[in-house]
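**Q** One structure coming up, written as structure tokens, with questions to follow.
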Amino acid sequence: MIELRRNEVWFVTGSQQLYGPDVLERVARDSATMAAALDAAPAIPVRVVVKPVLTDAEGILALAHAANSAPGCVGLIVWMHTFSPAKMWIAGLEALQLPFLHLHTQFNEGIPWAGIDMDFMNLNQAAHGDREFGFIAARLRLERQVVVGHWSDPEVQDRIGAWTRAASAKDDWRHGRIARFGENMRHVAVTDGDKIEAERRLGYTVEGYGVGDLVAIVNEATDGEVDDLIATYLDEYDVVPELRPGGDRAMSLRDGARIEIGLRRFLDTGRFIAFTTTFEDLHGLTQLPGLGPQRLMRDGYGFGAEGDWKTASMVRAMKVMTAGLPGGVSFMEDYTYHLDPACDLILGAHMLEVCETVSEERPRLEIHPLAIGGKADPVRLVFDAHPGAAIAACITDMGQRFRMIATVVDVVAPLEPLPNLPVARAVWRPRPNLKVNAAAWILAGGSHHTSLGYAVTVEQLADFAAMSRVEIVVIDGTTQLDAFRDRLRWNDLYHLLARGL
Ligand code: MN
């Protein structure tokens, strides 16, 4: 469902007319070579498209307007092969609505010591041309990423690749719609927020639907469609006997299949990127959707329970950022602790809705009672999450701004089997330890809901937050509480001032 190769970044080279046509031709040729190499680099998942060399303000402004409205263009990579007087960049950079990465590189990797002359010096001036460009970007207070090194360097290509993943998530948010079936869970604070400011700053729209709108689509699912989906379940999961065709509770699985079909149809038809449900508003649905959200997350949709549209958006953003990479991303909730100081752990889970992409094993498809909601027992996939480093992140509404909070954790195998726990779960060790990690998370106002992703990196999330000019705080192995508290205080001031009135 998520195909990053459909996206492109434009490779933009700045110069000026001073040098004459021969030099500019050479600049264009070199740029095409570099863009083709980046386009072919496995670390960069989007297409890299070379653009004509820019030498004046009109051309730069026209390029910015074209990029803003080009479908599939998620950002620019900009560099100066020669010197490019930067006043010519003011109008274009101010008009640009897409993120850009300043690639501080040059065509040649080394200095040709024996052969170097003034022609070579005039052609290869990025060392000072890029500083002139950097000044104007800084002078305009533009958010951007700066990557330094030769364009063939694998580390440089990795860094660019990570940024294009963040830019793809930003683009996805800019055009994204989130469907919300039912409202917020009554009285819950952290899952609520300012949807107008979200649309303005983060880009996506949050669109509410009565659950009856979904029920109408669910009820349209045909017996043939349900039969086909049951066959898929039997193929992909270890289905408990009571849910198999002919089993005592086979009808419950058919109800679950019908809900998945309806949800999928609703979301596909409306071109939504994410959705929320709430157990408080299920009128007309036989059971709380569990299996459906689990499988829709697997296919790339963001999801949040209890009306949590912000976490749904984070799940989706991580799905986009890690598309094509192993590891998985899931909606998650910090559920309960193992407070042994020698082995402090968090057990994460939810009532039902954990994505099977994080599963260690072939999931089991089971049915159990749910203590809340007053509906029939819901079907759900049950499994343990696989071990590995991961990031849990959320986005909260602090009133005058959004704050993204991310923490690095290590998912581990449960210390013992959990035979009586009827939901999918992940057990992780927070960095640097639970005492510091949870204190920092709570001081920052982090949500109990998160998106947990394995392949996503702190670097990608920091790029992503910067693109929306959203605050981000990270809790990792180096976190010290005093410094972290100070940072929260300073950030309050910075973001208030940076936003202005
Ligand atoms: Mn919850």
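**Q** Do the conditions hold for K310, that is, is it farther than 20 Å from L214 by Cβ, away from the ligand (no atom under 16 Å from the Cβ) and under 24 Å from the mean Cα position of the chain (by Cα)?
**A** Criteria not met by K310.
**Q** Is the range 306-319 home to any residue that is in contact (Cβ under 8 Å) with a residue 24 or more places away in the chain, assigned to a strand (DSSP E or B) and not acidic (D, E)?
**A** Checking the range 306-319: not a single residue is in contact (Cβ under 8 Å) with a residue 24 or more places away in the chain, assigned to a strand (DSSP E or B) and not acidic (D, E).
**Q** Now for a separate question. Is there any pair with a first residue in the range 158-183 that is in a helix (DSSP H, G or I) and a second that is among the aromatic types (F, W, Y) whose Cβ atoms are under 6 Å apart and which are 6 or more apart or on different chains, and what are they?
**A** Listed by first residue and then by second, the contacts come to A166/F464; A169/F464; W173/Y204.
**Q** Further question on the same structure: On the basis of being at negative phi and within 16 Å of the ligand (Cβ to nearest atom), does V354 make the cut?
**A** Taking the combined requirement at face value, the residue satisfies it.
**Q** Looking only at the range 166-200, count how many residues are basic (K, R) and closer than 18 Å to V320 by Cβ.
**A** Summing the residues that are basic (K, R) and closer than 18 Å to V320 by Cβ in the range 166-200 gives 3.
**Q** Now, a different point. Considering only the range 19-53, state which residues are assigned to a strand (DSSP E or B) and either of a type outside the set (A, V, I, L, M, F, W, C) or over 32 Å from the mean Cα position of the chain (by Cα) (or both).
**A** R47
**Q** Evaluate the following for L285: is it within 16 Å of the ligand (Cβ to nearest atom) and not polar (S, T, N, Q)?
**A** No: the conditions fail for L285.
**Q** Which of the residues spanning the range 90-140 are in contact (Cβ under 8 Å) with a residue 12 or more places away in the chain, open to solvent by 70 Å² or more (accessible area, probe 1.4 Å) and assigned to a loop (DSSP other than H, G, I, E, B)?
**A** Q97, E109
**Q** Still on this structure, I have one more. Looking at V411, V436 in this structure, which one is away from the ligand (no atom under 16 Å from the Cβ), at pLDDT 95 or above and under 30 Å from Q157 (Cβ atoms)?
**A** On the way: V436 fails: under 30 Å from Q157 (Cβ atoms).
One residue alone meets the criteria, V411.
**Q** Can we say T276 is among the polar types (S, T, N, Q) and within 16 Å of the ligand (Cβ to nearest atom)?
**A** Answer is yes for this residue.
**Q** Would you pick out the residues in the range 227-282 that are under 31 Å from the mean Cα position of the chain (by Cα), under 15 Å from E366 (Cβ atoms) and of a type in the set (S, T, Y)?
**A** Y233, Y237
The values are calculated or read from the model by the stated rules, or taken from the named source; none is laboratory data. Every value quoted in this text rests on a predicted model; they were computed, and no experiment measured them. We place every Cβ from the backbone using ideal geometry, glycine too, and count neighbours over all the protein chains shown. Please note that ligands, DNA and RNA were not included when accessible areas were found on the heavy atoms of the full protein model with its side chains. Shrake-Rupley method; radii C 1.70, N 1.55, O 1.52, S 1.80 Å.
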